[in-house]
Structures are given as structure tokens and as C-alpha cells.
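Structure record follows, encoded as C-alpha cells.
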Amino acid sequence: MSKLVEHHSLWSGLASADADAEIAVMGIPFDNAVSWRDGTQHAPERIRSLTPHLGFSTEEGEILRVRIRDYGDIEHDLNWERYFGNVELAAHEILNGNHKLPVFIGGDHSVGIPLFKAFAKTYTGKIGYIQWDSHADLADNFGGHPWSHANTARRNIEQPNLSCDNLAFVGLRSFLTEELDFYAANPTIGWHTARSVYQRGIETIAHEIVAQMRGVDAIYMSVDIDGFDPATAPGTGTPEHGGMSLREGLEFLRIIFANLPVKAMDIVEVSPPLDISDVTSLAAAKIMYEVFGFVQQKLNNPN
Ligand SMILES: [Mn+2]
């Protein structure tokens, strides 16, 4: 008899309908707000479609046992305002549920606006926002709109429980004048350029952000895939050279998740039509699986 091939289902067989599954996943396939090339609306489905082919252990050999409740995608709607309203409502419901970590898959970075609004409503204490990105997304208005993918952090800082003291960027290397002005006016922002990551090391930067966010009740971690170097993540609309490696990303997230109360995460700007051999979608999936491992480790060792 020939050897049977082991077939996995979605999320490597970890998918679960349980309301108290440790991980929640939701897709926001929206790319109406980009300044240049789109395609991120295809990311949630593409990333999911790769998961049956992925193993179910972390890179350190820990077998994943967390359950993953996949809520599917927020249905397309040509009315932008109504769509963001729906994203906010759905995210609010998930954030208020029993999951240890909701992970939202974009979509372009504009989807982070309604997601963070829901987050700020859910966690009414002091909240923190960390953005892994080549851009700061601090424009007040971009391309004639306040909700473009270059406005995300600017809109998020308008939430009353987020202050610049608890806002941090990692990987910056492309700026608008008004973003530099915003930082000059608000110098308590954690402002870490890609060059400073190269010079000082990602672990130093991660520990600085941990120290910056001390006393914060809940952290939202936003991963824009263009924070990575285009050699790592070519499939994105606005690639910027000189960025971080996936190794650095994983080491960064390992430190952040181990030391801070991360209560939500997004992965945005993956554009499958611009990708090569799915490496960018696979980078997103790899990040998610390692993060699932970080959540599992924390559950097993609460202190
Ligand atoms: Mn970006």
C-alpha cells in the first residue's frame, strides 16, 4: 500500500467554531484607499488558501494547539462610510468576545482606522499603538481624503485614550513633510527608522518600546508588510527598499508579545497580484503562526 498523504484543512487543521477559541481571524478585503497600486483585497483569501500547506509547529518546534476561529471576510460594499462602519461593528464584537488575540487581515492600511476605533472603544483604559511600517501614515488628508492608507496613524491618535507617549513606529524610511512636522511637534512618539534598526539592532528597539509602553493596559500591534524589505515582501503596493528582514520582524514580535499586553493585531498591505511565488503572503502567514505560538506560550506560562 502506498503511503497516505496527510491532508490538512484551513489553518493547518486548527480552525474551530468555538466562541472561546484562543485566536480570532477576520479578513477585510478592501483596497479602495491606496495611493498607488492595489490588489490587497485578495490577501485574506490568498493567505487562507496557503494555510493547508503549512505545518502546525512554530519555528522552534512547539506544536501549535491553539484553536483558530475564522470569522471570514467583511463583505464588499461600494459605500466607503458604510463599509468602515461594518468593519468597526464586527471588530468590536470580536474584541469583546472571549478570544485571547484577534488578528485582522487587510486590505490596505486604511482598514486600520475602523479597527482601531473599535479597539479604543473596547479598551477604555490607557491604550498603545505600535506600527511596523516604512511609512508613518500621519497625513491629515491624502489624495483628497482623510481615510486613505496614509492617514491611519493620524486618525488613530484622535482616539481620546491614545496619546503620543504610547504611539511607536518601527522601520520608517519614507516621509511626507507634514509627518516630520507632526513628529517635531510630538517628540514623545517612539520614532524608530529602518536605519536605526540596522545600527542599534531590533532587540534594543523592541525593549525601548516595551519601556515606553509600561503601564499601558492594551496594545494594538499593526504590521504593514511594507515595513519589511522588498526582498522579503515584494508583493505590496508601495515597496520601500532598505527595510527589515523577516528574522528581525519575528524577533521584534517575540519581545513585544512576551512583555506587553497585546490585545489585537493586524497584517495589512499584502498584495497577491504583485507577489512573486507567494512569498509575501507566506511571510504574513509565517508571522501569524509564530504569533499564535507566542499567545500559546503566554497561556502556558502566565508569568
Ligand atoms: Mn506602509
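Values for this structure:
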item: Scope the range 116-135; condition part of a loop (DSSP other than H, G, I, E, B), crowded, with 24+ Cβ neighbours inside 10 Å and not polar (S, T, N, Q); matching residues; result: Asp133, His135
item: Single match in His76, His99 (criterion: assigned to a loop (DSSP other than H, G, I, E, B) and crowded, with 20+ Cβ neighbours inside 10 Å); result: His99
item: Selection within the range 34-54 - in contact with an Asp or Glu (Cβ under 6 Å, 6 or more places away or on another chain) and outside any helix (DSSP H, G or I); result: Val34, Asp38
item: Members of the range 261-298 that are within 16 Å of the ligand (Cβ to nearest atom) and small (Gly, Ala, Ser); result: Ser271, Ala283, Ala284
item: Pairs where the first residue, in the range 160-175, is in contact (Cβ under 8 Å) with a residue 24 or more places away in the chain and the second is within 11 Å of the ligand (Cβ to nearest atom) and of a type in the set (Gly, Ala, Ser), C-beta under 6 Å, 6+ apart; result: Phe169/Ala136; Gly171/Ser134; Gly171/Gly227; Gly171/Gly243; Leu172/Ala136; Arg173/Ser134; Ser174/Ser134
item: Some residue of the range 35-48 being touching a strand residue (DSSP E or B) at 6+ places or on another chain (Cβ under 6 Å), surrounded by 15 or more Cβ atoms within 10 Å (Cβ to Cβ), over 25 Å from Gly235 (Cα atoms) and touching a residue at least 60 places away in the same chain (Cβ under 8 Å); result: no
item: Test: residue in the range 83-106 that is at positive phi and either touching a Pro at 6+ places or on another chain (Cβ under 6 Å) or touching a residue at least 12 places away in the same chain (Cβ under 8 Å) (or both); result: no
item: Residues of the range 148-204 satisfying the condition of being in contact with a Gly (Cβ under 9 Å, 6 or more places away or on another chain), part of a loop (DSSP other than H, G, I, E, B) and at pLDDT 95 or above; result: Asn161, Arg173
item: One residue from Gly215, Gly190, Gly171 being touching a strand residue (DSSP E or B) at 6+ places or on another chain (Cβ under 8 Å) and at positive phi; result: Gly171
item: Residue check, Leu138 buried (at least 22 other Cβ atoms within 10 Å of the Cβ) and either free of Cβ contacts under 8 Å to residues at least 60 places away in the same chain or part of a loop (DSSP other than H, G, I, E, B) (or both); result: yes
item: Per-region count, the range 55-65, residues small (Gly, Ala, Ser) and not in a loop (DSSP other than H, G, I, E, B); result: 1
item: Only one of His145, His135 that is away from the ligand (no atom under 15 Å from the Cβ) and either more than 22 Å from Ser281 (Cβ to Cβ) or within 15 Å of the chain's Cα centre (by Cα) (or both); result: His145
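Quick grid of which residues meet (1) within 16 Å of the ligand (Cβ to nearest atom); (2) surrounded by fewer than 20 Cβ atoms within 10 Å (Cβ to Cβ); (3) of a type in the set (Ser, Thr, Tyr):
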| position | (1), (2), (3) |
| --- | --- |
| Gln212 | no, yes, no |
| Ala218 | no, no, no |
| Asp226 | yes, no, no |
| Ala233 | yes, no, no |
| Met244 | yes, no, no |
| Arg247 | no, yes, no |
| Asn259 | no, yes, no |
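The values are calculated or read from the model by the stated rules, or taken from the named source; none is laboratory data. Predicted, not measured: the structure shown is a model, and the values here were computed from it. Virtual Cβ from ideal backbone geometry, glycine too; neighbours counted across all protein chains shown.
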